[in-house]
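The values are calculated or read from the model by the stated rules, or taken from the named source; none is laboratory data. Since we're looking at a predicted model, the values are computed, not measured. FYI the Cβ positions are ideal-geometry reconstructions off the backbone, even for glycines, and counts take in every protein chain you see.
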Amino acid sequence: MSKETKPDGQGPPRHDVPDRVENVDWSAWRADDVATLTFVRRSNEVLLIRKKRGLGAGKVNAPGGRVEGEESIEECAVREVEEELHVTPARLDRRGELRFQFLDGYALHVHVIFASDHDGTAQETDEAAPMWTPVDAVPYDEMWADDRFWLPHALAGHHVDGRFIFDHHDMLDMDLRVRMRGLEGQSG
């Protein structure tokens, strides 16, 4: 199945998909796609994009996409940022995992990566328009609903583990766990 023909969280709801996090058997849950989101930092800014196509087109997000073939999570993170913005992220740090279940049956497992360095100048492509954004001015109202809950923790250097239920672009339920620099925390 090609990238264009895969489910995208936009189909009609299926009646066998739970609409609450606690009703999903996460031990048996399997993602249709594994993907990355890569946040490149420079001083007090983060590199975001306005997506032009695909799942979340029109929204602000980080560059990222599906893992291809046998590539590692880190290889995918670098490739996606290079393809979308012509920037090579460096000094990668895994900051979390997010699991998304859409009511149409589509399931997505996202690895959150931060890069503390990069090479190149961000350029607009047919996939994305770059936005260097102050960390204290992230436009959460233009992003997926879950971002406002986990991204501030990841930006602060913490590790996030989230599970989310979506109906198209609407978040119905969530469970978020935050590991704060050696301490366990939970919200959601």
Criterion (surrounded by fewer than 17 Cβ atoms within 10 Å (Cβ to Cβ), in contact with an Asp or Glu (Cβ under 7 Å, 6 or more places away or on another chain) and within 30 Å of D16 (Cβ to Cβ)) met by exactly one of R53, R91 | R53
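Table: residues versus (1) in a loop (DSSP other than H, G, I, E, B); (2) over 20 Å from L55 (Cβ atoms); (3) modelled with pLDDT under 95; (4) acidic (D, E).
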position	(1), (2), (3), (4)
W132	no, yes, no, no
W144	yes, no, no, no
H153	no, yes, no, no
D161	no, yes, no, yes
I165	no, no, no, no
L176	no, yes, no, no
From A122, A128, which residue is of a type in the set (A, V, I, L, M), buried (at least 17 other Cβ atoms within 10 Å of the Cβ) and more than 17 Å from the chain's Cα centre (by Cα)?
-> A122
Could you grab me the full set of residues in the range 126-146 that are more than 15 Å from E45 (Cβ to Cβ), in contact with a helix residue (DSSP H, G or I) (Cβ under 6 Å, 6 or more places away or on another chain) and touching a residue at least 60 places away in the same chain (Cβ under 8 Å)?
-> E127, A128
In the range 54-94, residue nearest to T125 (Cα to Cα) [restricted to those that are part of a helix (DSSP H, G or I) and either of a type in the set (D, E, K, R) or touching a residue at least 60 places away in the same chain (Cβ under 8 Å) (or both)] = E84
